[in-house]
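The structure appears right after this line, and notes come after that.
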Amino acid sequence: MKSIGWLTRLMLAYWPRILLALFLSVLTITSHIGLMAASAYLLARAALHPPILDLMVTIVGVRFFGLSRAVFRYLERYLSHDVTFRVLSQIRVKFYEQIEPLAPARLGGLRSEDLLSRIVADVETQQNFYLRVFAPPIAAFFVLIGYGIFLANYDIRLSYILAACFVIAGVIVPWLVKRLGQGIGAQIIFLKAHLNTQVADGLLGMTELLSYHQVGDHLIKFRETNDELIECERKITKLAAFSAALTGLIANLGMWLILVLGILLVEKGRLNGVNLGMLALGTLSSFEAVFPLALVPHHLEQNLVSADRLLDLMKPEETKDGRDRKKHDYNRENDKIRHEDSREHEDSSKNEDSRENPGKLIPRADNLKLSFQEVSFRYEKTEPWVLKDVSFTIPQGSKVAIVGSSGVGKTSIINLILRFWDCEKGEISLGDHSLPEYDIEELRRIIGVVTQKTYLFNATIKENLLLAKPSATNQELMDTARQAKLHEFITSLPNGYDSYIGEGGFKLSGGQRQRLAIARVLLKNAPILILDEAAAGLDSITESEVLNEVYRLMEGRTTILITHNFSGLEIMDEILLLKEGRIIERGTHAELLQHEGAYWELWKRDRFIN
Ligand code: DUT
Ligand code: MG
């Protein structure tokens with residue numbers, strides 16, 4: 001029910017347009033009624049051979065309704081779709097703005113295909129909300145009132161018949177359809193999402209499926225879902241046909257009842273016979289307002305399920321980081337201005353308070369000391385602590401390495417610095433302020449990251465590089481590619497910098513991908529550098545080549561290096577050895593070796609292996 005409130009609120013922002021669209025929709029149906037009624041009246045009158053002048057008004061009426069129906073219909077469609085698409089774009093923007101700031105945190109538990117189906121399909125479903133759920137009952141209500149009053153002019157019992165038929169066709173039939181089709185709307189939404197996931201899984205995991213001989217099984221599962229979906233769609237189509245037939249039956253029954261009552265009234269001399277056809281045909285056409293009502297519950301169900309799926313992702317944000325959410329409540333126009341503004345002030349922005357975002361700070365380029373004070377962190381309240389009482393300080397420009405075995409929380413430290421998550425205990429500060437006091441986008445602007453899982457976009461090499469600096473010139477791109485030892489490879493490709501690298505960069509080798517990531521960071525030229533296993537997974541020669549680049553990259557920057565490779569750590573100002581979320585040893589490489597503790601053990605083993 002919350003979701004319906006949310007949808008209505010989004011929609012009501014456009015209430016003037018909505019009122020106009022509703023008004024036009026009533027006018028369209030009225031024109032239809034008018035056209036049929038006036039035509040019937042004209043035929044009946046003409047049959048009595050009156051002077052042509054007596055018919056003039058009716059003839060004009062027929063012409064008018066004939067034309068106005070088309071015009072009103074056009075305007076109504078135009079306006080109602082305009083409202084619908086405005087609401088859709090609102091939903092998309094709001095949805096994106098809310099999932100973006102803490103993206104990895106919020107989306108971690110979701111499969112990307114499911115996310116995609118939420119962003120695309122669930123948002124799309126919302127276009128039915130105004131067109132098929134909200135507007136039809138309101139329009140039908142006003143048609144009932146208007147045409148009911150018209151009928152009451154002749155005899156109030158005619159209005160009662162109309163009202164009874166409207167209630168049966170507009171309330172009882174939809175109720176029946178709802179009972180018969182209970183849950184199908186929701187099932188369709190889930191099955192579609194599931195199908196998306198299966199298709200994507202099948203394509204992305206093709207190598208695994210082929211090598212484990214699972215293609216057949218996967219296809220069977222896929223077909224099952226597909227069949228289920230088709231079955232659901234078939235049920236809905238049947239229901240739609242059934243309800244249309246039923247409504248048609250009731251409409252004709254209504255017309256027939258009005259006709260019978262009319263004939264009785266004519267016999268008693270209480271109604272002029274020429275009006276009979278008009279009343280009957282007018283009634284039949286007034287049901288145009290009722291036909292869409294049968295599927296209202298079905299569409300409503302789909303809307304609610306999709307809206308819930310959207311809100312599911314957005315809701316925690318609303319409570320958890322209300323301030324950030326508010327920050328994102330600007331419209332697109334402002335967004336553009338804001339970005340240009342901050343780019344302009346990128347280098348000179350030493351003013352403490354950001355104008356565009358009052359209360360949030362912009363990091364000062366001359367005060368980037370990073371420190372953790374007794375930070376404890378876990379991903380969920382119910383899960384064990386991942387970091388325990390972690391404290392360290394990285395003075396501006398110095399280099400810290402974090403080492404430790406897999407799963408001890410190294411990447412988690414990075415997640416906290418980038419504010420993908422916030423720590424539960426302790427404080428992380430940059431300069432003289434704690435991290436949450438900074439504007440999140442400004443904070444991320446000053447940090448360059450090469451992660452364990454670099455994501456490359458299915459675009460050209462150039463576009464992937466430009467991600468880091470959209471304004472970079474071709475010369476700059478080539479210079480950075482040279483520094484990352486990538487330029488020669490790129491120019492050997494037939495399309496050079498304009499070569500497509502495929503989904504996730506699959507046309508590149510692992511080393512080339514990492515180099516591209518490094519080139520990207522070089523281009524970003526951020527004062528803080530985070531390297532999370534930047535060279536992991538490469539053969540040792542490529543690894544040391546890439547690491548050389550990495551070390552060059554570190555010059556003059558505050559650096560956090562996460563590595564499992566102990567060679568080259570001599571140049572680090574401090575090394576932190578992590579075990580089970582705690583720092584168990586710290587010091588320079590030389591100090592730690594002298595100490596002959598856990599670090600020394602690891603170092604010896606590493607040397608032995610290499
Ligand atoms: N963890 C979660 N949720 C996440 C990410 C990690 O529960 O979204 C857990 C897994 C692990 C712990 O946190 O038990 C620490 O993970 P982290 O990624 O920080 O470990 P790491 O030191 O970076 O391991 P590796 O060297 O394998 O990258
Ligand atoms: Mg890691």
Scope region 492-509; condition under 31 Å from the mean Cα position of the chain (by Cα) and over 15 Å from MET478 (Cβ atoms); matching residues: TYR500, ILE501, GLY502, GLU503, GLY504, GLY505, PHE506, LYS507, LEU508
Residue check for LEU22: crowded, with 19+ Cβ neighbours inside 10 Å and part of a helix (DSSP H, G or I): yes
Residue count, region 420-470 (criterion: at positive phi and either out of contact with any Ser or Thr (no Cβ under 7 Å at 6 or more places or on another chain) or outside the structural domain of ALA481 (by the TED database) (or both)): 1
Selection status of ALA44, open to solvent by 40 Å² or more (accessible area, probe 1.4 Å), in the same structural domain as LEU19 (by the TED database) and part of a helix (DSSP H, G or I): no
Single condition VAL375 does not satisfy, out of (1) open to solvent by 30 Å² or more (accessible area, probe 1.4 Å); (2) modelled with pLDDT of 95 or more; (3) within 16 Å of ligand 1 (Cβ to nearest atom): (1)
Unique residue being touching a Leu at 6+ places or on another chain (Cβ under 6 Å), free of Cβ contacts under 8 Å to residues at least 60 places away in the same chain, away from ligand 2 (no atom under 16 Å from the Cβ) and hydroxyl-bearing (Ser, Thr, Tyr) when the list is SER567, SER509, SER499: SER499
Unmet requirement for GLY359, which otherwise passes all of (1) modelled with pLDDT of 50 or more; (2) of a type outside the set (Asp, Glu); (3) at negative phi: (3)
Considering residues of region 468-477 that are in contact with a Lys or Arg (Cβ under 9 Å, 6 or more places away or on another chain) and not in a loop (DSSP other than H, G, I, E, B) only, the residue most open to solvent (accessible area, probe 1.4 Å): ASN474
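If you go through region 570-588, how many residues are aliphatic (A, V, I, L, M), away from ligand 1 (no atom under 13 Å from the Cβ) and within 43 Å of the chain's Cα centre (by Cα)?
Taking region 570-588 and keeping what is aliphatic (A, V, I, L, M), we get 571-572, 575-578, 583-584.
This time we only want the ones that are away from ligand 1 (no atom under 13 Å from the Cβ), so: 571-572, 575, 584.
After this cut, where a residue has to be within 43 Å of the chain's Cα centre (by Cα) as well, the list is 572, 575, 584.
The total comes to 3.
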Members of region 423-446 that are touching an Asp or Glu at 6+ places or on another chain (Cβ under 8 Å) and either open to solvent by 20 Å² or more (accessible area, probe 1.4 Å) or touching a residue at least 40 places away in the same chain (Cβ under 8 Å) (or both): LYS425, GLY426, GLU427, PRO436, ILE440, ARG445
Residue under evaluation PRO292, criteria (1) in a helix (DSSP H, G or I); (2) at pLDDT 90 or above; (3) out of contact with any helix residue (DSSP H, G or I) (no Cβ under 8 Å at 6 or more places or on another chain), criterion not met: (3)
Region 247-272, residues that are in a helix (DSSP H, G or I), among the small types (Gly, Ala, Ser) and surrounded by fewer than 20 Cβ atoms within 10 Å (Cβ to Cβ): GLY248
Region 409-419 - residue that is surrounded by 20 or more Cβ atoms within 10 Å (Cβ to Cβ) and part of a loop (DSSP other than H, G, I, E, B) and, of those, nearest to ligand 2 (Cβ to nearest atom): GLY409
Residue among VAL386, VAL375 that alone is under 20 Å from LYS579 (Cβ atoms), among the β-branched types (Val, Ile, Thr) and within 16 Å of ligand 2 (Cβ to nearest atom): VAL386
Residue in region 193-203 that is hydrophobic (A, V, I, L, M, F, W, C), open to solvent by less than 80 Å² (accessible area, probe 1.4 Å), modelled with pLDDT of 95 or more and touching a Ser or Thr at 6+ places or on another chain (Cβ under 6 Å) present: no
Filtered residue count, region 392-407, keeping only those that are within 13 Å of ligand 1 (Cβ to nearest atom) and open to solvent by 10 Å² or more (accessible area, probe 1.4 Å): 4
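If you go through region 354-364 one residue at a time, do you hit one that is in the same structural domain as VAL450 (by the TED database), basic (Lys, Arg) and either away from ligand 2 (no atom under 16 Å from the Cβ) or not in a loop (DSSP other than H, G, I, E, B) (or both)?
no
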Within region 70-179, helices (runs of 4 or more DSSP H) holding 1 or more residues that are at pLDDT 90 or above and either open to solvent by less than 40 Å² (accessible area, probe 1.4 Å) or not assigned by the TED database to the domain that holds TRP6 (or both): 135-152, 156-167
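The values are calculated or read from the model by the stated rules, or taken from the named source; none is laboratory data. Predicted model only: the values in this text are computed from it and were never measured. Neighbour counts are summed over all protein chains in view; Cβ atoms, including those assigned to glycine, are modelled from backbone coordinates with ideal geometry. SASA here: full protein model, heavy atoms, side chains in, ligands and nucleic acids out. Shrake-Rupley method; radii C 1.70, N 1.55, O 1.52, S 1.80 Å.
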